[in-house]
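Working notes, structure below.
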Amino acid sequence: VFAELETPAVLVDVDVLDRNLTGMAERARAAGVRLRPHAKTHKTAQVAGRQRAAGATGLSVAKTGEAEAFADAGFDDLFVAYPVVGADKGRRLLALHDRIRLAVGADSVEGAETLARVFAGAGRTLDVVLKIDVGLHRVGVLPEHAAAVARQIADQPGLRLTGIFTHAGHAYGGQTPDAVAAVARDEGRTMATVAEALRAAGLPIATVSVGSTPTARDSMVVPGVTECRPGNYVFHDRTQVALGTCRLEDCALTVLATVVSVPADSRAVVDAGSKVLSSDPLRPRPDGHGLVLGTRTTVARLSEEHGVLEVAPGDRFRVGERVLILPNHACVVTNLQDRIWTVSGGQVLEPWSLIARGRVQ
Ligand SMILES: Cc1ncc(COP(=O)(O)O)c(C=O)c1O
């Protein structure tokens with residue numbers, strides 16, 4: 001398959017991609033919420049352009065450097081969905097603020113102050129969105145502390161508090177689709193309740209932003225939610241299939257690899273290791289590092305350049321054969337490549353450059 005490509009190579013089926021893109025855009029339209037997809041999944045101007053064409057109001061990114069890359073590519077409404085801290089970042093955000101509509105996340109008074117000083121010093125105002133912890137327990141302010149922190153952030157010269165946002169990443173631990181849906185409903189309801197409490201305290205909360213791929217469907221329809229920020233949905237991956245978020249045929253991104261060794265009947269080795277597939281575990285339950293499509297064989301172990309297949313009964317591999325692997329987590333795969341190859345109907349189309357890859361600062 002795809003004999004013209006050298007392996008390992010990352011492929012994206014554009015027909016599946018477009019179906020995923022338009023499906024989510026229609027869902028957001030029907031729910032009456034704005035769609036601000038997280039661009040860290042694809043890191044490409046081409047997918048971002050398709051998201052915009054399908055109705056996205058802007059993009060979310062995780063890093064200041066990702067925002068710079070997308071601003072350079074002509075995207076003029078960006079939200080850095082991360083608690084950005086530090087005067088160095090503040091100065092880069094100030095430069096971005098000159099040319100695009102920009103908002104950033106915050107979850108502490110101290111962190112927000114580091115940006116406020118830069119913006120107030122320049123006589124400018126940065127839009128800030130407060131991160132709420134609805135159960136992931138990573139970053140974010142607990143709902144009961146939101147009003148106090150929001151007030152202190154809103155009072156800082158150089159900042160304008162415009163809303164609240166969350167990411168219910170704990171949905172990835174949901175053992176059943178019902179458990180995932182329950183997390184999603186709770187995500188939406190908690191955010192709507194926090195927004196009402198902040199408004200009652202006199203804070204003008206316009207944006208109530210939820211978002212992850214597993215929870216998007218059920219959280220965006222909760223009354224009071226105004227925006228959704230799913231990222232992974234453009235490609236999906238083995239984890240989304242395991243969670244019940246999508247079907248196998250909804251996965252757009254695969255890794256094309258060559259079998260380089262078959263040392264035993266039960267073991268074959270491909271040229272895609274952790275440098276390509278990443279070491280991310282399958283969620284919600286660990287099970288190797290990828291599935292060989294069309295077989296029951298999984299990538300059981302990884303080293304940097306080796307993906308060790310545990311050959312399932314009935315499957316057979318030969319040296320030189322090419323296989324398509326569905327990775328556990330598509331978003332990290334795109335951070336490990338310079339480009340992805342688009343394909344359609346078994347034909348290779350063109351490479352897309354991953355303009356925001358490796359932008360870790
Ligand atoms: C803050 C934030 N928003 C949105 C997303 C998108 O979530 P998903 O990739 O599940 O669609 C992520 C992903 O990690 C995130 O961290």
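Tell me the relative contact order for the stretch 93-170 as a rounded percent, counting alpha carbon contacts under 8 Å between residues six or more apart.
Values: 128 pairs, mean separation 27.4, N = 78.
Computed over the stretch 93-170, the figure is 35 percent.
Going by alpha carbons, how many degrees (0 to 90, nearest 10) lie between the helix axis of 87-97 and the longest principal axis of the chain?
90 degrees
Let me cross-check H306: its accessible surface, 1.4 Å probe, with only protein heavy atoms counted, in Å² to the nearest 10?
Answer for H306: close to 90 Å² accessible.
Averaged per residue, what accessible surface does the chain expose to a 1.4 Å probe, in Å²?
Heavy-atom SASA per residue in the chain reads 41 Å².
What percent does the relative contact order of the chain come to when contacts are Cα pairs within less than 8 Å and at least six residues apart? It would help to have the intermediate numbers written out before the result.
Values: 850 pairs, mean separation 71.5, N = 361.
It rounds to 20 percent for the chain.
For the stretch 1-48, compute Rh as the Kirkwood radius over C-alpha pairs and then the Stokes-Einstein diffusion coefficient at 25 °C and 0.890 mPa s; write the answer in µm²/s, rounded to an integer. Please report the intermediate quantities before stating the final value.
Numbers: Rh = 12.9 Å.
This corresponds to a translational diffusion coefficient of 190 µm²/s.
Mind checking the stretch 97-190 for trypsin sites (Lys or Arg not before Pro) that DSSP puts in a loop (not H, G, I, E or B) and that have at most 16 other Cβ atoms within 10 Å? Working shown, then result.
Details: sites: R99, R101, R117, R124, K131, R138, R151, R160, R185, R189; in loops: R99, R124, R138.
Taking the stretch 97-190 and a limit of 16 other Cβ atoms within 10 Å, the loop trypsin sites (Lys or Arg not before Pro) found are R99, R124, R138.
Taking 4 °C and 1.567 mPa s as the conditions, I'd like the Stokes-Einstein D for the chain in µm²/s, using the Kirkwood hydrodynamic radius from alpha carbon pairs.
D = 61 µm²/s.
Sorting Y172, Y82, Y233 by accessible area (1.4 Å probe), largest first, what list results?
So the residues, ranked largest to smallest area, are Y82, Y172, Y233.
Rg(Cα) of the stretch 42-170 divided by 2.2 N^0.38 Å?
1.04
With the contact rule set at Cα under 8 Å and sequence spacing of 6 or more, what percent relative contact order holds for the stretch 1-158?
The normalised contact order for the stretch 1-158 reaches 15 percent.
On full extension of the chain, what length is gained from T22 through D76, given 0.36 nm per residue of separation minus the C-alpha to C-alpha distance?
Gain in length upon complete extension: 17.3 nm.
Can you give the longest stretch of the chain with no exposed loop site, where a site means GluC sites (Glu not before Pro) in a DSSP loop (not H, G, I, E or B) with at most 15 other C-beta atoms within 10 Å?
Values: sites that count: E4, E6, E304, E305, E321.
After excluding every exposed loop site, the longest remaining stretch is 7-303.
Could you tell me the center-to-center distance, by alpha carbons, between the stretch 217-260 and the stretch 125-163 in angstrom?
28 Å
Which value, in Å to one decimal place, does the Kirkwood hydrodynamic radius take for the stretch 232-361 when every pair of different Cα atoms is included?
Here the Kirkwood hydrodynamic radius works out to 15.1 Å.
Find, among the trypsin sites (Lys or Arg not before Pro) in the stretch 208-271, those assigned to loop by DSSP (not H, G, I, E, B) with at most 11 other beta-carbon atoms within 10 angstrom. Walk me through the numbers before you get to the answer.
Working: sites: R217, R238, R247, R267; in loops: R247.
Answer in residue order: R247.
Using only the Cα atoms of the stretch 204-281, what do you get for the radius of gyration and for Dmax, in Å?
Looking at the stretch 204-281, its Cα Rg and Dmax stand at 18.4, 65 Å.
Between A95 and L349, how many nm apart are label points set 7 Å from Cα along the C-beta direction?
According to this spin-label approximation, the distance is 3.4 nm.
The values are calculated or read from the model by the stated rules, or taken from the named source; none is laboratory data. Predicted model, so just to flag it, every value in this text is computed and none were measured. Here the Cβ is made from the backbone with ideal geometry for all residues, glycine too, and neighbour counts use every protein chain on show. Side chains are part of the model used for accessible areas, which takes the heavy atoms of the whole protein and leaves out ligands, DNA and RNA. Shrake-Rupley method; radii C 1.70, N 1.55, O 1.52, S 1.80 Å.
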